[in-house]
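The structure appears below as structure tokens.
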Amino acid sequence: MALRFEVIGRFNRARAAQLTLPHYIVKHHCTIKGLTYSQLEDIGCQIILGNTYHLALRPTAELIDDMGGLHKFMNWDRALLTDSGGFQMVSLLHLADITEKGVTFQSPADGQPMLLTPEESIQIQNKIGADIIMALDDVVKTTITGPRVEEAMYRTLRWIDRCIAAHQRPHEQNLFGIVQGGLDPVLRDICVKGLVERDLPGELTSKGANLFDSHLWQLRYWWSFGGEDKDSFWRVVAQCTAALPEDKPRYVMGVGYPLDIVVCSALGADMYDCVYPTRTARFGTALIPEGVLKLKHKVMANDERPIDPTCSCMVCKTYTRAYLHCLVTKDALGSQLLSYHNLAYMMRLSKELHLSIVEGRFPDFVREFLKAQFPRGDVPEWVCNAMEVAGIDISSCCAHLSAPVYKASAIPIADGEAPTFGKEIGANSSGAVPLLVIISTEDFLQAIHFFN
Amino acid sequence: MRFAVKATSGGGNGKARAGVLQGWGSFQHSVETPALLLSTRKGLPSFITPTSSRLYRSRTRASFTSALSTCESIACPPHGPCCSLYTTHGMPFIKNHFEHGGLRQMLGLPEHLFVSVGRDSIDSLPVIEGTNKLGASFETPSGRLLVRPEKYMEIISSLKPNLWATLADEVPAWAVEKRNKASVERTIRWLDECIALDPVCDLGAVVGGSSLEERSRCAKEVAKRNVSGYWIGGFGLGESMEERPALLNAVVDNLPEEKLRYVSGLGLPEEILEGVAAGIDLFDSTYIYHLTLGGLALVFPLDTVDKSRRSPFDFPPSSAVNDGTKINLSSTIYRKDKSPILEGCGCFTCRNHTRAYINHLLNVHEMLAQILLEIHNTHHYLGFFRSIRRAIGCGTFDMFRQSFIESRRELFVSSMTCS
């Protein structure tokens, strides 16, 4: 299955392309929490991501193989993608240790030490049978600097070779690699070249540490809960998307908040996955253009409106907030209905992003989006910075930035040349550092609170 | 509402009857009886969204809802005391909320038939100690509620169900005689009060505990009133299966034949058959809900008259896993079982998913397991009711019932000898 990627519209760094819908949905244990596959088809979901780590634990890759592969097991005939398993291991397990051989960890089932090698990761993914599989990479935290990053990068390249050698089904499953190198552009370039040489069918860039070279660039973001640094987050994304070839899609793993998706799309990313929509639904939170709606809150008890009057999903056409208020967190059906709505919302967001780029009105869309989310103009600083790099003028959305002093201009992107991190800020407005008004801490904290 | 008996069957006394309940107003469909009303939590099935409900391909559009469990959950803030529902502050809210279409509109199910009764076998159980001459007491997730007839009627008029039962004082089987007598008196008195407030579409409640005389007395009294049908309560609260037929008969014998009869609290297939044999038309049951929660799926053959067409079981019946009527999908036997829950079943779950998949979902505690199981179990049980109606139509209900019970007995016996 060759993935075709064709850019059909662009604005500065943002692109709209024909590949798949620019969104994934994370699935966990062969199912999206609480939805049948026919409901997912109704919403428009095209590709589902499977967690190799969890699947290998239960029901085990052998069983899935016996059942004829994951497609048949869960009866989903659209696309499937599996991760290598390494990321979960390192981020979920306390005593994971990475050596040249592979990732050693304590098995959660019985506490015995186990080893996940590149070969084994590929073997498991072969058995599961997804359309796209990932090579095992040496995962390091996004913000780490020093010799560890270099070590990870070179090791990833060595592991790629092992993965390629171990891959049993190269004609049915596309292997994607991940580009490493942290925030160091030199290391990144070495990695990119190394992967390109190996001529992999697919490329992934992982946010921060891992960058894959494949048909997709996958960015893997090491999500540190409770205070992730949004500032470094967008810079990493900007850096990676700038460095990666234009003609391949870029996939940022773990990005789910709608605001983050809009920002990353403006910076040039194409695909995302996240547990956020369904997880937040189980806590009674619905996604709407204005942000989030906490249906648990008692003011919802009397609210006769649908969750989102502009949404055309089944849930918004049938039920009121008041009824959902009494269902959420108490009845299974509540989380089901909210998951349905949240996923429909994400699908709609992706579609609107795509169309707005194709139809040449992307900046308007971004401005509308930000105005809806921040009606008081308190757009967070990192968003302002990111949009500036992306070349989108959002001064009309930011209360503090409507001063005439501020000037945002498009960043020239030289063909074939990857602007490095240092150059990006300077490239703006002929070398002078742009004037950015720092928003107050309270406003910033409020914006964070909105998403918690 | 129009109800008409179309056929009767059943050996000696011919009491089993098939009928048609025809709609009016927003409900334009007809429901064939004996019918199963689907139990709901707050108006919707426990796990299935309405669009998915077409997946069990049922033409039944009838749901049962407890008036109380619906209202108290909607009007009460989670932390608030339950009595906020019954204060004047609570009332205006309910009126506004349900002004337009009542329950049907709130749930987005305009074409469904809703029947409301006071008691819900899962969430709102009657509490006999709490009930007094003023009102009936129920144990709900928001605490104990005392419901007076006027309040009850206000809820009913807000919900606007198609059919509703009057407030009853249900007592369990072990209640003493004096208490039982009191419950009958109260129920009849409340019946009169409810009718006075809204004389349309009601089902008169008939109680009487385990006493044959009280049952007959209550039935006779209620029969004198001008009601559209009868709701027979007080079952499923501790009486044994042996005494039930007599009690049912004591009630039914004193009710006019042409009016609808509805019993709450009978769940198992054998109990349903008993009820049908006694002449009951509508049932509601928590059987499906409990099965689904337990990870069990119904597999008993629906057509027992034709023994040659028994559905094949992959494994010999063993009591822990498969007693011939239902299978426990959490069991490791089904880990690699690629067959659907029941071969030949036309529901969404059996057409699209395997036992192995559901086994996996149950193991990882995914909600989808309950969704798929509820779809299958509902479909299967509704199919059971279809078989009953068919048997009555052909005049072979007795034979159907007999062979059904015998086949279950055979399986139990063989499973006991195996284990």
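The values are calculated or read from the model by the stated rules, or taken from the named source; none is laboratory data. Note that the structure is a prediction, hence the values are computed from the model and not measured. A quick note on method: Cβ atoms are made from the backbone with ideal geometry, for glycine too, and the neighbour counts reach across all protein chains shown. Areas reflect the complete protein model, heavy atoms only, side chains present, ligands, DNA and RNA absent. Shrake-Rupley method; radii C 1.70, N 1.55, O 1.52, S 1.80 Å.
In the list A:Val299, A:Val292, which residue meets the criterion of being farther than 20 Å from A:Phe362 by Cα and either part of a strand (DSSP E or B) or more than 14 Å from chain B (Cβ to nearest Cβ) (or both)? Answer to the selection: A:Val292. Of all residues in the range A:373-392, those that are surrounded by fewer than 23 Cβ atoms within 10 Å (Cβ to Cβ), over 22 Å from the mean Cα position of the chain (by Cα) and within 20 Å of A:Trp234 (Cβ to Cβ) total 2.
Can you tell me which residues in the range A:255-283 are assigned to a loop (DSSP other than H, G, I, E, B) and not hydroxyl-bearing (Ser, Thr, Tyr)? Steps first, please.
Of the range A:255-283, the ones assigned to a loop (DSSP other than H, G, I, E, B) are A:255-257, A:268-270, A:274-275, A:283.
A:Val255, A:Gly256, A:Gly268, A:Ala269, A:Asp270, A:Cys274, A:Val275, A:Phe283 - these are the residues of the range A:255-283 that are assigned to a loop (DSSP other than H, G, I, E, B) and not hydroxyl-bearing (Ser, Thr, Tyr).
On the stretch given as the range A:332-391, residues that are of a type in the set (S, T, N, Q) and over 30 Å from A:Thr36 (Cβ atoms) total 3. Output yes when any residue across the range A:360-372 is of a type in the set (Asp, Glu) and away from every other protein chain (no Cβ under 14 Å), and no when none is. There is at least one residue in the range A:360-372 that is of a type in the set (Asp, Glu) and away from every other protein chain (no Cβ under 14 Å).
This table checks each residue for (1) under 25 Å from A:Glu197 (Cβ atoms); (2) part of a strand (DSSP E or B); (3) without any contact (Cβ under 8 Å) to a residue 12 or more places away in the chain; (4) open to solvent by less than 20 Å² (accessible area, probe 1.4 Å).
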position	(1), (2), (3), (4)
A:Gly111	no, no, yes, no
A:Ile124	no, no, no, no
A:Lys127	no, no, no, no
A:Ala130	no, no, no, yes
A:Ile133	yes, yes, no, yes
A:Thr156	yes, no, no, yes
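Scanning the range A:135-153 for residues that are part of a helix (DSSP H, G or I), open to solvent by 10 Å² or more (accessible area, probe 1.4 Å) and touching a Leu at 6+ places or on another chain (Cβ under 9 Å) gives a single hit, A:Glu150.
From A:Val292, A:Val252, A:Val262, A:Val275, which residue is open to solvent by 10 Å² or more (accessible area, probe 1.4 Å), closer than 30 Å to A:Val192 by Cβ and among the β-branched types (Val, Ile, Thr)? So that I can check it myself, show each step before the final result.
On the way: A:Val292 fails: closer than 30 Å to A:Val192 by Cβ; A:Val252 fails: open to solvent by 10 Å² or more (accessible area, probe 1.4 Å); A:Val262 fails: open to solvent by 10 Å² or more (accessible area, probe 1.4 Å).
The unique qualifying residue is A:Val275.
Quick check, is A:Phe87 modelled with pLDDT of 60 or more, of a type outside the set (Val, Ile, Thr), buried (at least 22 other Cβ atoms within 10 Å of the Cβ) and over 22 Å from the mean Cα position of the chain (by Cα)? If you could, list the steps in order and put the result at the bottom.
Numbers: modelled with pLDDT of 60 or more: yes; of a type outside the set (Val, Ile, Thr): yes; buried (at least 22 other Cβ atoms within 10 Å of the Cβ): yes; over 22 Å from the mean Cα position of the chain (by Cα): no.
Considered against the rule, which asks whether it is modelled with pLDDT of 60 or more, of a type outside the set (Val, Ile, Thr), buried (at least 22 other Cβ atoms within 10 Å of the Cβ) and over 22 Å from the mean Cα position of the chain (by Cα), A:Phe87 comes out as no.
Residues of the range A:42-85 that are over 23 Å from A:His341 (Cα atoms), more than 12 Å from chain B (Cβ to nearest Cβ) and among the charged types (D, E, K, R): A:Asp83 alone. The residues of the range A:335-359 that are within 18 Å of A:Leu293 (Cα to Cα), among the hydroxyl-bearing types (Ser, Thr, Tyr) and either away from every other protein chain (no Cβ under 14 Å) or free of Cβ contacts under 8 Å to residues at least 24 places away in the same chain (or both) amount to a single one, A:Tyr345. Among the residues making up the range B:365-385, a single one is surrounded by 21 or more Cβ atoms within 10 Å (Cβ to Cβ), within 7 Å of chain A (Cβ to nearest Cβ) and either within 30 Å of B:Phe397 (Cα to Cα) or without any contact (Cβ under 8 Å) to a residue 40 or more places away in the chain (or both): B:Leu368.
So how many residues does the range B:341-355 have that are surrounded by fewer than 20 Cβ atoms within 10 Å (Cβ to Cβ) and either within 12 Å of chain A (Cβ to nearest Cβ) or touching a residue at least 40 places away in the same chain (Cβ under 8 Å) (or both)? Count: 3.
Out of A:Ala322, A:Ala332, one residue alone is hydrophobic (A, V, I, L, M, F, W, C), facing chain B (nearest Cβ under 9 Å) and open to solvent by 10 Å² or more (accessible area, probe 1.4 Å). It is A:Ala332.
Among the residues of the range A:165-198, those that are of a type in the set (Asp, Glu) and either modelled with pLDDT of 75 or more or assigned to a helix (DSSP H, G or I) (or both) comprise A:Glu172, A:Asp189, A:Glu197.
B:Leu362 - would you say it is open to solvent by 10 Å² or more (accessible area, probe 1.4 Å), assigned to a helix (DSSP H, G or I), among the aliphatic types (A, V, I, L, M) and within 12 Å of chain A (Cβ to nearest Cβ)? Answer is yes for this residue.
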